[in-house]
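Here the structure comes first, spelled out in structure tokens, and everything after it is commentary.
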Ligand SMILES: C[S@@+](CC[C@H](N)C(=O)[O-])C[C@H]1O[C@@H](n2cnc3c(N)ncnc32)[C@H](O)[C@@H]1O
């Protein structure tokens, strides 16, 4: 794919993500239990890595989230570094208001000392708007006034970052799968290397594996088709066009082999036009999705789940193999990590001790 096509792809995806920002927030970020398990798994890993860098290595850290979306990590770490009294007040208020506050976001004195800034970039203006709104709603404007910030822009244009505080640049939740196909994925690998190479920082790409597409992706995307559109492996029917929203009645969980899913169909005004409408997989289209690991829907949404071998090749070609790790999610967490892989570029050898201790 030449640069023009990458640019066109970028512009199209930017529109898709701007359009789905609100529903993505409701249905994915706070929705499907397998997705929230994956997110919690990533966050636990980052918590432990940050503690290691701050406490064991004595470093001050700058966390930077590429494709930061609606501020999942900004919010988490904003709450964790905000003072204890404030946190308790937040919890009390959130309980009274009946809204969810992740208990894992409690105040952490080590992070408060060493996590000095959190930045992020996203090309979707509506995602950034949502991110800023969420930070304000959580009472964290004292951070977004300076040290916690969002940039509207491209994941491919990261600049070399200063060495102090130590940059930890992450791309999470399979964002690489939605950064404009394999050409975009290569640009992301290069961009993240450029960001941390000179300053001996760390780059981490957390992604789904193509090998898990049958057991995790099919049910997952069917369950969230009100965000991304009807997957193409479900037979086309009278409601397949983007004019209708299909609201699944229940989440389909990983490893569920059921080829059908039941939805309520809504028109553009949100009026129900049919209850309990059954959509069924087309075996040939399902097979093709599993073989190509390329997820497409009847709108412009698409995602790739790259294979372990493909990630290995990119690490070899685009990063410094001797300073990189490529691990399966299972080696970190056998249950929640099953569908995941991590590419880690550790320019300064900061993680070696930690992974040795963990037997990785
Ligand atoms: C799967 S979402 C992850 C969002 C967030 N990191 C999270 O975990 O909730 C991927 C994000 O990447 C953004 N994105 C996709 N391609 C991008 C690009 N080339 N440059 C910047 N952002 C991009 C999308 O707008 C979207 O917010």
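The values are calculated or read from the model by the stated rules, or taken from the named source; none is laboratory data. Predicted, not measured: the structure shown is a model, and the values here were computed from it. Every residue, glycine as well, gets a Cβ built from its backbone with ideal geometry; the counts of neighbours run over all protein chains shown.
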**Request:** Please go through region 243-261 and pick out each residue that is exposed (fewer than 14 other Cβ atoms within 10 Å of the Cβ) and more than 24 Å from the chain's Cα centre (by Cα).
**Result:** 243, 249, 257, 258, 260
**Message:** Can you say whether residue 353 is over 16 Å from residue 181 (Cα atoms), in contact with a strand residue (DSSP E or B) (Cβ under 7 Å, 6 or more places away or on another chain), part of a helix (DSSP H, G or I) and touching a residue at least 12 places away in the same chain (Cβ under 8 Å), as far as the supplied structure shows?
**Reply:** no
**Asked** Restricting attention to region 193-206, does a residue exist that is within 10 Å of the ligand (Cβ to nearest atom) and either buried (at least 17 other Cβ atoms within 10 Å of the Cβ) or under 23 Å from residue 75 (Cβ atoms) (or both)?
**Response** yes
**Only one of 35, 95 that is over 18 Å from residue 112 (Cα atoms), at pLDDT below 70 and in a helix (DSSP H, G or I)** = 95
**Within region 289-314, considering residues that are assigned to a helix (DSSP H, G or I) and either in contact with a strand residue (DSSP E or B) (Cβ under 7 Å, 6 or more places away or on another chain) or in contact (Cβ under 8 Å) with a residue 40 or more places away in the chain (or both), the one surrounded by the most Cβ atoms within 10 Å (Cβ to Cβ)** = 289
**Request:** Provide a single number: the residues in region 119-151 that are in a strand (DSSP E or B) and either more than 17 Å from residue 179 (Cβ to Cβ) or near the ligand (Cβ under 9 Å from one of its atoms) (or both).
**Result:** 5
**Request:** For region 72-85, state whether one or more residues are at pLDDT 90 or above and not in a helix (DSSP H, G or I).
**Result:** no
**Message:** Filter region 161-186 down to the residues that are surrounded by fewer than 20 Cβ atoms within 10 Å (Cβ to Cβ) and in contact with a helix residue (DSSP H, G or I) (Cβ under 6 Å, 6 or more places away or on another chain) and list them by number.
**Reply:** 183
